[in-house]
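The values are calculated or read from the model by the stated rules, or taken from the named source; none is laboratory data. Treat the numbers as computed from the prediction; the structure is a model and nothing was measured. Note that each Cβ is placed from the backbone with ideal geometry, even for glycine, and that neighbours are counted across all protein chains shown.
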Amino acid sequence: MVLNIDKRQRAEQFRTRLARALQEAGSNQSDLARRIGVDRSTISQLLGGDGARLPNAHVVGACAATLGVSADWLLGLSDRPESAAELLAGALSLTEAPRALVDQRIFDWHREAAGYKIRHVPAALPDMLKTRAVLEWEYSPHLGKTADQAIGASEDRLAWMRAARSDYEIAMPRCEIESFAAGTGYYHGLPAELRREQLDRLIALGTQLYPRLRLYLYDAKRLYSAPLTIFGPLLCVFYAGSHYMAFRDRDRIETFTAHFDRLVRESDLTARDLPGFLSELRDGIG
């Protein structure tokens with residue numbers, strides 16, 4: 001938080017912070033003067049004296065850019081010395097999302113959040129809950145000879161989730177499960193026997209792992225969510241197809257946590273209701 005201070009105090013803070021920035025940058029008055037295009041005496045005046053006068057915006061901006069700090073910090077308007085670009089880079093990252101089950105970045109994020117609740121809106125059925133046969137049907141065209149290794153990695157994720165201290169909440173559209181059971185849309189061509197086995201697995205895991213694992217189904221006609229994962233208070237990651245967008249700033253994480261909580265609150269089917277609903281879908285597969 002930035003305090004309201006008078007001009008004399010702000011000028012003194014500017015001098016203190018400019019001196020600190022010079023030291024941390026390994027620079028000196030002569031070098032700074034040369035790089036921003038002013039006389040050395042100008043820099044001496046900025047660092048010395050006890051008056052209330054501040055330099056003009058051009059000089060402040062030039063000093064900030066040269067020393068790698070923000071002008072707001074030099075002027076006492078911010079407690080963070082990083083520039084806006086650096087703050088944004090620290091709060092937001094963009095990384096490639098390979099079409100594969102072996103994704104070390106995702107696993108690292110899970111381990112980082114061990115002990116916190118993990119909230120997940122998957123793009124389809126969650127990989128770690130799928131049967132081996134469904135994984136092979138879905139991923140073999142992409143993974144080729146590495147399919148066995150990749151599927152083993154997915155099984156390792158489930159084993160990790162069983163052993164970790166994190167609660168895991170998953171919210172997904174009800175129509176996704178219904179489409180899977182019917183073998184339509186994305187799941188067209190998936191044999192009926194594999195669909196029945198998959199639903200049996202979801203029922204078994206949902207029962208065995210409850211309440212650590214809770215799966216909710218919401219109505220996509222009323223609610224929408226992009227695929228995302230919220231790793232406790234640490235990180236919120238969006239899946240954008242070919243890339244992940246990861247946010248670490250608290251305000252965005254809280255915003256999307258509230259969004260996920262609404263999906264759960266307004267779900268048609270809760271984790272307690274799910275086994276019965278899945279049993280009905282399984283029994284209806286021809």
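Yes/no per residue for (1) farther than 20 Å from Gly284 by Cβ; (2) surrounded by fewer than 16 Cβ atoms within 10 Å (Cβ to Cβ); (3) over 13 Å from the mean Cα position of the chain (by Cα); (4) not assigned by TED's automatic domain parsing to the domain that holds Arg165:
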| site | (1), (2), (3), (4) |
| --- | --- |
| Gly189 | no, yes, yes, no |
| Leu213 | yes, no, yes, no |
| Tyr218 | yes, no, yes, no |
| Thr229 | yes, no, no, no |
| Ala246 | yes, no, no, no |
> Can Leu202 be described as outside any loop (DSSP other than H, G, I, E, B) and either of a type in the set (A, V, I, L, M) or assigned by TED's automatic domain parsing to the domain that holds Val264 (or both)?
Replying inline: yes
>> Being buried (at least 19 other Cβ atoms within 10 Å of the Cβ) and under 27 Å from Gly241 (Cβ atoms) is true for just one of Arg222, Arg195, Arg174, Arg201. Which residue is that?
In response: Arg195
